[in-house]
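*Asks:* Dropping the structure in here first, questions after.
The values are calculated or read from the model by the stated rules, or taken from the named source; none is laboratory data. Everything numeric in this text was worked out from a predicted model, so none of it was measured. Please note: Cβ atoms are built from the backbone with ideal geometry, for glycine as well, and neighbour counts cover all protein chains shown. Heavy atoms of the whole protein, side chains included, go into the accessibility calculation; ligands, DNA and RNA do not. Shrake-Rupley method; radii C 1.70, N 1.55, O 1.52, S 1.80 Å.
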Amino acid sequence: MDYVANGEIGLVNKIEDDSHRLSFSSQPDGIYYFPSKITDNESDLELAYALTVHKAQGSGFETTILVINESADGVPAFISREMIYTALTRQAKKIYILYNKEPSEIKKYSDALFSNLALRLTNLFDIPIIRKYKDRIYSNKLIHITRSGEPVRSKSEVIIYNELDNAKIPFKYEKLLILPNGKPYSPDFTIYGKDGTIKKYWEHLGMLSDSEYSRKQEIKFADYAENGISVTIGNLIITKDESNRSIDSSKIADIVKSLKEDI
């Protein structure tokens, strides 16, 4: 190859009196010279101290550093679930994430609330049902809101959340749990007693047909058991979607009823 394509990224190896000597990532053995005594507006080169996620596409970096900076006012509009996913695919071997908040908070970007796709009302064959949450408009099929107005990840979790809320059982949704072995998890529901202490954890499994999902659940429950949390001990509740992804709300109601009597 004896030409430089638009968007290629390289390194300035040497600065001489009248030129810059460069090599490009796509041509590690090639050497190119560019005039140095020209204005920025006339230059064929643009310094790349840092690149946007999308501009880095196709560059083939072995290692990247992703910087996510949230302001005190909240998440900037340009940071989305899709942008984070795209950023994580810009490296071949390793990525470092520099984040200005607690590491556990980055998990929130997996939620539909931070999805640009969830904001699109593009169904050409049906009139979309829209839901408004925090001044943003979402497709009803892409976001799940509980009776009290809180977003959750699935319709099954809406049912469990509403039943717990209706029974006035104190609980937290996806509260961070750090096990004694140091591993972090976020149980779907953390149940509290009247004295404010944690009584039980509730996990609902909704994608068991996905082998990778099932494998991760097995690892999690093994970690739970090793650290004193299990169905056998009595401080863990596990419910599942049916094989056709449906859920029996009457069974959830029965569990919540017995739970209220227990705590």
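*Asks:* What is the gain in length, in nm to one decimal, between Leu47 and Glu218 on full extension, counting 0.36 nm per residue of separation less the C-alpha to C-alpha distance?
*Replies:* 56.8 nm
*Asks:* Among the trypsin sites (Lys or Arg not before Pro) within region 224-263, which fall in a DSSP loop and have no more than 16 other Cβ atoms within 10 Å of their own Cβ?
*Replies:* Sparse-neighbourhood loop trypsin sites (Lys or Arg not before Pro): Arg245.
*Asks:* Determine which lysines satisfy two conditions relative to Lys55: a Cα distance under 22 Å, and not lying fewer than 8 residues away in the same chain.
*Replies:* Within the straight-line limit of under 22 Å, Lys55 reaches these lysines: Lys93, Lys94.
*Asks:* Another question, then. Mind ranking 192-201, 67-76 by how tightly packed they are, going by the mean number of other C-beta atoms within 10 angstrom, highest first?
*Replies:* The densest-packed peptide leads the list: 192-201, 67-76.
*Asks:* Per residue of region 219-225, in order, report the coupling 6.51 cos²θ - 1.76 cosθ + 1.60 (Karplus, θ = phi - 60°) as ³J(HN,Hα) in whole Hz, putting x for Gly and Pro.
*Replies:* 5, 4, 5, 5, 5, 4, 4
*Asks:* Can you work out the Karplus-derived ³J(HN,Hα) for every residue in region 161-174? Use 6.51 cos²θ - 1.76 cosθ + 1.60 with θ = phi - 60°, whole Hz, and x for glycine or proline.
*Replies:* Listing the rounded values in order: 4, 5, 5, 5, 5, 5, 7, 6, 8, x, 7, 10, 8, 6 Hz.
*Asks:* With a/c under 1.5 counting as rounded, go ahead and sort region 185-263 into rounded, prolate or oblate using the C-alpha gyration tensor (a ≥ b ≥ c being the square roots of the eigenvalues; past the cut-off, prolate if a/b is larger than b/c, else oblate).
*Replies:* The shape class here is oblate.
*Asks:* Determine ³J(HN,Hα), in whole Hz, for all residues of region 180-192 in sequence, where each value follows from phi through the Karplus function 6.51 cos²θ - 1.76 cosθ + 1.60 and θ = phi - 60°; x replaces Gly and Pro.
*Replies:* 3J(HN,Hα) across region 180-192, in whole Hz: x, 7, x, 7, x, 9, 10, x, 3, 9, 10, 9, 10.
*Asks:* Another question, if that's okay. Using a Cα-Cα cut-off of under 12 Å, which aspartates and glutamates could be cross-linked to Lys155, ignoring same-chain neighbours fewer than 8 residues away?
*Replies:* Asp241, Asp248
*Asks:* Here's another thing I want to ask about it. Give me the percent of accessible area attributable to carbon and sulfur for region 154-263, probe 1.4 angstrom.
*Replies:* 50 percent
*Asks:* Continuing with the same structure: Structure shown: which of Lys107/Lys168; Lys108/Lys183; Lys107/Lys220 lie over 23 Å apart, alpha-carbon to alpha-carbon?
*Replies:* Over 23 Å Cα-Cα: Lys107/Lys168.
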